[in-house]
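Right, one structure below, let's go through it.
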There are 2 protein chains.
Amino acid sequence: MSSVFTEFNLMAELHQPGEKIVLLVMDGLGGLPMQTTGLTELETAVTPNLDRLAAEGMTGLSIPIRPGIEPGSGPAHLSLFSYDPIRYEIGRGVLEALGIGFRMTANDIAARGNFASADSNGFITDRRAGRIGSDECVRLCAKLQAATGDVLADEGVQVFVEPVKEHRFVLVLRGEGLGGNLSETDPLVTGKQPLPVTDSSGSPEGERSARLFNRWIEAARAVLADEPKANSLNLRGIAKDPGLPRFPEIYGMRAAAIAVYPMYKGVASLVGMEIVDFAGDRPSHEIDALERAWNEYDFFFIHVKKTDSYGEDGNFDAKVHEIEAVDAVIPRILALKPGALIVTGDHSTPAKMRSHSHHPVPTLLWSPNARPDTTTSFGEGACTAGGMGLFHATTLIPQAMGHAGRLKRIGA
Amino acid sequence: MSSVFTEFNLMAELHQPGEKIVLLVMDGLGGLPMQTTGLTELETAVTPNLDRLAAEGMTGLSIPIRPGIEPGSGPAHLSLFSYDPIRYEIGRGVLEALGIGFRMTANDIAARGNFASADSNGFITDRRAGRIGSDECVRLCAKLQAATGDVLADEGVQVFVEPVKEHRFVLVLRGEGLGGNLSETDPLVTGKQPLPVTDSSGSPEGERSARLFNRWIEAARAVLADEPKANSLNLRGIAKDPGLPRFPEIYGMRAAAIAVYPMYKGVASLVGMEIVDFAGDRPSHEIDALERAWNEYDFFFIHVKKTDSYGEDGNFDAKVHEIEAVDAVIPRILALKPGALIVTGDHSTPAKMRSHSHHPVPTLLWSPNARPDTTTSFGEGACTAGGMGLFHATTLIPQAMGHAGRLKRIGA
């Protein structure tokens, strides 16, 4: 499929002003039958408005990453934003930082941290520090921040230690000339000592950064030495903001992100979207924000989280009801007269599996100029017969651009 | 999809003699519903013969360029001929020359010309010279041909000035060692002076060619100085024949083009097809030509233009009737017993939009060896359920080759 992946140069050359585009993402939308009805969550939900969009527009099934591959939230959203997630990688450290709302700068290098237990010789005895609670994580991070925040100041580097949950935290080093390709310290099994951070880029930045991380680790382990459980730690996924091509420049659209959870605001900001702040956490509150921001932007990414959360919980009915809550706000979006409206998910999260899954994602594209296909309802089964076919998620934005009159003709 | 783009080396290695192939292209075939019936032009047309081919063969939807992108005629036909139009570009000057039937040689470099109005200081006041008529364009080109045809003779370069329509003309310089990557002179706004032609290739050919174009422009503007409206001009899209890989060598087929309009003969000749001359301009006349040429060639490209013209006019009914006129000649094509018959369009031109559009193109592939799918009529809706699925136009020729027994087995 690689050449259906968006050619950014081509898009940058062809884009022109046009109608507004809305990308409405229900996280983990795709599902599986779990009840005697044999219907998925989306097929079970009563969605008169989405069904109308499916009848007037086109439907299909989106492949987020590659066939058979279960997407994480970061890669899945990159793909929806038209960035092939295999080509454009975001380091796990960066994703973890985004996930807690930490705004990275170009001088930042982030790592996922895991508190761990070690014996007197430093050999790891528990890679999760006895599964300490989140409150304990907060205390330990505050302790580390206080004791190690300035430990690299002599080299002009600031240290940020931020709690995530349970044994997980984020470490960010901020300073000029950090980089390289840095290894993880986690031996991945107990009974071994943590590994040192090493650089495989061979660059001066890499060697210096590896040395700085090792200096911090040594200081941090000393601070933790008296802890009953979390007396050691490991760092993983050490990475910088990848400096992705900018969505607004590729597509010539002022782009806004309307989301409740930090992680999704973070991925949107990584590609250059602006974050719209608003009060509340329900779909209706997100549409309030959409209405207020409508005149300021050309493109709107709206993220609904709870469809995924309920899927992860195995709560089929709650996911159904959240989909119905989204259906109820569709008329308010249409009232704004977008040139193209996409309703999709970043991946599937079947309640039956209590997990993200590789299954393709039901998708609809509505536009006044859409060519109606034969589908008259929005659901996984109907989408298999849709006019968009089985497509890669990275083609969604270009398809919406075409429908919104935002791409010039190519050639004579 | 690049993995599905035709690998020319592979085709050249695998091709073998086989049955004859016909590629019947109805320009702008794809449409949109525009009437209370909710049917497209093709779905409205009464097409018993095409419906029979759809029932016996396979259907699908073709993506000419990339999802969402509106194709021009040149790139769209390159794609049908299996050349990825993003990879193989034809300069606008070349397309304009092809469009008026000017046969370019390897020594030619062509430019689109626009007559313009300028003030006494040469600042452009009207980029279209007050929208002069085509008769005026003919007179001006004759005047320029007479006065500047030999102005570059001292450097062994011939000049051709050919009218297109209204303010548009074609300029061709013919001589040894022309080339480079040459800029346009059009400032794109009024109130500015035209720019000089510059070369960004850095090659000796480029520098010389830029100088020659600037010499001609100076001479031409002097000749036009006394014109009331068209007293200036601009050159755009300066380009040579791109020297595309040759279709007959890639596929081992003697290829013929049967078309009424120069532009399509031109693109076909660019890939090495031979042009079949014939009298008349109706589909039936094109089939007369097909019957006469049948024994001379292995592959036939037949181009029907008016489906696109009526779409551009917004004339839904006339487009319907032209499709029906094509349906009426299908039995004559089948009587010749082709090994594979493709019926498709180069792009969509919905009468509703009065323009080319990005929408995928309904396509059928009939062959005695085709595996029938479930579609029993030829239309956009039916094609969404067709066995060919949603595919890139560049894969059509290889699919026809397979059905016509023209590709060897790969491997044991």
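The values are calculated or read from the model by the stated rules, or taken from the named source; none is laboratory data. All figures in this text were calculated on a predicted structure; none of them were measured in a lab. As a convention, Cβ positions derive from the backbone with ideal geometry for all residues, glycine included, and neighbour counts pool all protein chains shown. Side chains included, ligands, DNA and RNA excluded: accessible areas come from the protein's heavy atoms. Shrake-Rupley method; radii C 1.70, N 1.55, O 1.52, S 1.80 Å.
Convex hull over the alpha-carbon atoms of segment B:268-340: what's its volume per residue in Å³?
Convex hull of Cα atoms, per residue: 108 Å³.
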(message) With every protein chain left in place and a probe of 1.4 Å, what is the accessible surface of B:His285, to the nearest 10 Å²?
(response) 60
(message) Show log10 I(q)/I(0) for chain B at q = 0.11 Å⁻¹, two decimals, from a solvent-free Debye sum over equal Cα scatterers.
(response) -0.85
(message) Taking the full set of protein chains and a 1.4 angstrom probe, give the accessible area of B:Tyr310 in square angstrom, rounded to the nearest 10.
(response) 60
(request) Put a label point 7 Å from Cα along the Cβ direction on B:Pro248, then list its distances to the equivalent points in the other copies in nm, shortest first. (result) 5.5
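May I ask you to work out the translational diffusion coefficient for the protein assembly as shown at 25 °C, viscosity 0.890 mPa s, via Stokes-Einstein with Rh from the Kirkwood sum over Cα pairs, reported in whole µm²/s? Could the numbers behind the result be given before it?
On the way: Rh = 30.0 Å.
Estimated via Stokes-Einstein, D reaches 82 µm²/s.
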(message) Defining a contact as two alpha carbons under 8 Å apart and six or more residues distant in sequence, what relative contact order in percent does segment B:158-295 show?
(response) 15
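Translational diffusion coefficient of segment A:1-90 at 37 °C, 0.692 mPa s, Stokes-Einstein with Kirkwood Rh over Cα pairs, in µm²/s as a whole number. Don't jump to the answer; show the numbers that get you there.
On the way: Rh = 16.0 Å.
The Stokes-Einstein estimate is 206 µm²/s.
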(request) Please arrange A:Thr374, A:Thr395, B:Thr105 by accessible surface area, largest first, computed with a 1.4 Å probe and ligands excluded. (result) A:Thr374, B:Thr105, A:Thr395
(request) Using only Cα positions of segment A:200-297, each an equal point scatterer, no hydration layer, compute I(q)/I(0) via Debye at q = 0.13, 0.19, 0.22 Å⁻¹ and quote the log10 values to two decimals. (result) -0.73, -0.92, -1.08
(request) Kindly write out, for segment B:296-309 in residue order, the coupling ³J(HN,Hα) from the Karplus curve 6.51 cos²θ - 1.76 cosθ + 1.60 (θ = phi - 60°), rounded to whole Hz, with x marking Gly and Pro. (result) 8, 9, 9, 10, 10, 9, 10, 10, 10, 8, 5, 4, 6, 4
(message) For a bin width of 10 Å, list the pair-distance distribution of segment B:100-147 built from all Cα-Cα distances, rounded to whole %.
(response) 20, 43, 30, 8
(request) With a bin width of 10 angstrom, please list the P(r) values of segment A:28-78 as percents of all Cα-Cα pairs, from the 0 bin to the one holding the largest distance. (result) 20, 39, 37, 4
(request) Pairs of Cα atoms under 8 Å, at least six residues apart: use those to get the relative contact order of chain B, whole percent. (result) 34
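What fraction of the DSSP beta bridges in chain A is antiparallel, stated in percent and rounded to the nearest 5? Numbers along the way, then the final one.
Working: 35 of 57 bridges.
Around 60 percent of the beta bridges assigned by DSSP in chain A are antiparallel ones.
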(request) Report, for A:Asp281, each distance to the same residue's label point in the other copies, shortest first and in nm; define the point 7 Å along Cα→Cβ. (result) 6.8
(message) I need the P(r) histogram for segment B:1-153: all alpha carbon pairs, bin width 5 Å from 0 out to the longest distance, whole percents.
(response) 2, 6, 9, 12, 14, 13, 12, 10, 8, 7, 4, 2, 1, 0
(request) Just need the relative contact order of segment A:278-412 here, percent rounded to a whole number, with Cα pairs under 8 Å and 6+ apart. (result) 19
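Of all beta bridges DSSP finds with both residues in the protein assembly as shown, what is the antiparallel percent, to the nearest 5? Write down the numbers at each step before the final one.
On the way: 70 of 115 bridges.
Around 60 percent of the beta bridges assigned by DSSP in the protein assembly as shown are antiparallel ones.
Sorted by accessible area (1.4 Å probe), largest first, how do A:Ser377, A:Ser82 line up? Could you put the intermediate results ahead of the total?
Numbers: A:Ser377 45, A:Ser82 0 Å².
Heavy-atom accessible area, descending, gives A:Ser377, A:Ser82.
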(request) Summarise the partner chain shielding of A:8-15 as one whole number: the mean count of Cβ atoms from other chains within 10 Å of each residue's Cβ. (result) 2
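In deg cm²/dmol and to the nearest 500, what is the mean residue ellipticity at 222 nm of the protein assembly as shown if only DSSP H runs of at least 4 residues count, each as -39500 (n - 2.57), divided by the residue total? Write down the numbers at each step before the final one.
Values: 28 runs with 273 residues, N = 824.
Mean residue ellipticity at 222 nm (helix-derived): -9500 deg cm²/dmol.
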(request) For segment A:52-121, just run the numbers: alpha carbon Rg, then divide by 2.2 N^0.38 Å, N being how many residues it has. (result) 1.64
(request) Please provide three numbers in whole Å: the alpha-carbon extents of segment B:286-412 along the principal axes, with the largest listed first. (result) 52, 34, 24
(request) In nm to one decimal, list the spacings between the B:Phe123 label point and its equivalents in the other copies, with label points set 7 Å along Cα to Cβ, shortest first. (result) 8.6
(request) Report the accessible area of B:Asp51, computed with a 1.4 Å probe over the heavy atoms of all protein chains in place, in Å² rounded to the nearest 10. (result) 40
(request) Could you work out how far the C-alpha centroid of segment A:339-365 sits from that of segment A:184-250, in angstrom? (result) 34
(message) Over the Cα atoms, compute the radius of gyration (one decimal) and Dmax (the largest Cα-Cα distance, rounded to a whole number) for segment B:95-239, in Å.
(response) 14.1, 40
(message) Give the average, rounded to an integer, of partner chain Cβ atoms located within 10 angstrom of each Cβ in A:401-410.
(response) 6
(message) Just to make sure I understand: if all protein chains stay in place, what is the order of A:Arg221, B:Arg211 by accessible area at 1.4 Å, largest first?
(response) B:Arg211, A:Arg221
